[in-house]
Amino acid sequence: MTNILARSTNLEASDREWLHQLVGDWQSIADVAFADLLLILCNDDGTFMIAAHCRPATAVTFFDEDIIGEIDNDDLVRLAPLTLADSKRRSLELSGLFADIYPIHHNGRNIALLGVASAYAADRVPSQVLTNYEEVADGLLHMVATGEFPYDGQPTGFRHGTPRVSDGFVELNEEGEVVYAAPNAISNFRRLGVTGPITGKILAELVTETIESHTTFDESLAVVIMGRAPWLTELESHGAIISLRALPLRDHGKRRGAMLLCRDITELRRREQELLSKDATIREINHRVKNNLQTVSALLRMQARRATNEDTRQALDNAQRRVATIALVHQILSQTVDESSQFDEIFEPLLNMATDIAATGIEVKTEVHGSFGRIGANQSTALAMVMNELVSNAVEHGLPHGGNLSVTVNRAGNQLTVYVDDDGVGIQGAGLGSGLGTQIVRTMVAAELHGTIEWQNCETGGTRVILNARIDD
């Protein structure tokens, strides 16, 4: 739709935004009108095209196929300019159906047309309530023609659980009195504690009488329940949570009543609360694991200081460093609710920690190029362990007298390539060793990172390690 609107030089930027708002909120009109809605634009050459289409949730659509695009209809070509000029509704036959066309008014002029393709069928809605739906639909379509719909200044980004016509429909008059309430709406208010018939009574008074003394509610509840403002709120009472949304009906600024939509979202909010509780539990577990690992790391460090054998001390130092690396990953995971984290936030302190521990008494300059991106919790630990071993090994064995260490990261989708370069002594003698650190790296790269790793001497001196990994979705 954005591309279609951009091709029309007749529309200003504010007009395009208005049409986007209309399309974003016209589902309620389609549902109460039991009709397909068509956004019709006039091209620069005088032809017409359908830029957007909305199918009703309360009735069967008349268009099974996608109908966006150019249309060639003699009645439309003849009547559309008249409607744009005098703002009067007109009827015509469109694609074998009878349709009404309304002007879409904005900033003092008509900028497009709204087509309403509908037909009344006995099985769509009970005949005794058809008039109520027609009144609301006519009111909303009249507001489109006068530039009062969509609502200017209404809240955007409605929450998950925003009610629709099929969830519960109430028609209010200008005093907030219930003219008609659909069965689903009656059931919703029963769950709030409203008993007895509600038709002919002021809804706000009925709801106020049932609100429990300890209930907290949004300050916007009063204007929503009276249908005075196009707002969304939630009300919790008697163990039920009801989402309420008001669509005021106006005629050139004068209130003509409102359409109130309601939905029972008790179960929805309960599940959301369960998810939040689980997220909090997972964060707390990661936090406690981090604390326990830091305790183990501290004990290993103390034991290493007491060791008299150099090999034993070195082994304890390496174990302490590996435990501290895993603790660092859990520390980052404990600060987020996501199943993945920005690995750069893990690698930066890891690089500093590894070089500080390994480069005792020597100067090692480090630099990082590129970004790891987001990596899942399962692979974060493995990648952190691998990078810790590579950095520590480069500093301890490749740069015994100091030097430069460079880490270059290339991330393309799920493919991750990391180059670890140093300008030290390179691979000496019989080649790469087979110690515990090398075994850890090879095992984790193959099993956890689904990749390969290669060590090679650089032509200018030093060592290059190439890590290729596949990051899980």
Only unsatisfied item for Ile326, checking (1) of a type in the set (Val, Ile, Thr); (2) modelled with pLDDT under 85; (3) assigned by TED's automatic domain parsing to the domain that holds Arg464; (4) in a helix (DSSP H, G or I), is (3)
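Results for (1) in a helix (DSSP H, G or I); (2) free of Cβ contacts under 8 Å to residues at least 40 places away in the same chain; (3) closer than 18 Å to Met143 by Cα, shown as yes or no for each residue.
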position	(1), (2), (3)
Leu11	no, no, no
Val23	yes, yes, yes
Val32	yes, no, yes
Thr83	yes, yes, yes
Glu93	no, yes, no
Over the stretch 187-207, the set of residues part of a helix (DSSP H, G or I), touching a residue at least 12 places away in the same chain (Cβ under 8 Å) and more than 16 Å from Glu171 (Cα to Cα) is Arg191
Expected single match for more than 29 Å from Met259 (Cα to Cα), outside the structural domain of Leu260 (by TED's automatic domain parsing) and buried (at least 22 other Cβ atoms within 10 Å of the Cβ) among Leu19, Leu76 is Leu76
Item to complete: Scan the stretch 209-223 and give yes if some residue there is under 17 Å from Arg263 (Cα atoms), buried (at least 20 other Cβ atoms within 10 Å of the Cβ), touching a strand residue (DSSP E or B) at 6+ places or on another chain (Cβ under 9 Å) and at pLDDT 85 or above, otherwise no.
Response: no
Subset of the stretch 414-459, residues on the phi > 0 side of the Ramachandran plot and modelled with pLDDT under 90, comes to Gly426, Gly429, Gly431
Looking at this structure, is Val409 surrounded by 14 or more Cβ atoms within 10 Å (Cβ to Cβ) and either among the hydroxyl-bearing types (Ser, Thr, Tyr) or closer than 21 Å to His330 by Cα (or both)? no
Given the condition assigned to a strand (DSSP E or B), out of contact with any Phe, Trp or Tyr (no Cβ under 6 Å at 6 or more places or on another chain) and modelled with pLDDT of 80 or more, answer yes or no: does some residue in the stretch 264-274 qualify? yes
Of (1) under 30 Å from Glu12 (Cβ atoms); (2) among the hydroxyl-bearing types (Ser, Thr, Tyr); (3) in contact with a helix residue (DSSP H, G or I) (Cβ under 8 Å, 6 or more places away or on another chain); (4) in a helix (DSSP H, G or I), Tyr133 satisfies every one except (1)
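Looking only at the stretch 57-80, count how many residues are in contact with a strand residue (DSSP E or B) (Cβ under 8 Å, 6 or more places away or on another chain) and outside any strand (DSSP E or B).
From the stretch 57-80, those in contact with a strand residue (DSSP E or B) (Cβ under 8 Å, 6 or more places away or on another chain) are 61-63, 66-71, 73, 75-77, 79-80; that's our starting set.
If we keep only those that are outside any strand (DSSP E or B) too, we end up with 61-63, 66-68, 73, 75-77, 79-80.
Within the stretch 57-80, residues that are in contact with a strand residue (DSSP E or B) (Cβ under 8 Å, 6 or more places away or on another chain) and outside any strand (DSSP E or B) number 12.
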Practice prompt. For Glu345, indicate whether it is in a helix (DSSP H, G or I) and either assigned by TED's automatic domain parsing to the domain that holds Arg470 or in contact with a helix residue (DSSP H, G or I) (Cβ under 8 Å, 6 or more places away or on another chain) (or both).
Written response: yes
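Residues Ile453, Ile427: which one is among the β-branched types (Val, Ile, Thr) and touching a Gly at 6+ places or on another chain (Cβ under 9 Å)? Spell out the reasoning first.
Numbers: Ile453 fails: touching a Gly at 6+ places or on another chain (Cβ under 9 Å).
Matching residue, one of Ile453, Ile427: Ile427.
Consider the stretch 202-250. How many of its residues are of a type in the set (D, E, K, R) and under 25 Å from Ile29 (Cα atoms)?
Residues of the stretch 202-250 of a type in the set (D, E, K, R): 205, 209, 212, 218-219, 228, 234, 236, 245, 250.
Going one step further and asking which of them are under 25 Å from Ile29 (Cα atoms), we end up with 228, 234, 245, 250.
Final tally of qualifying residues: 4.
The values are calculated or read from the model by the stated rules, or taken from the named source; none is laboratory data. Predicted model only: the values in this text are computed from it and were never measured. Heads up, the Cβs are rebuilt from the backbone with ideal geometry, glycines too, and the neighbour counts pull from every protein chain shown.
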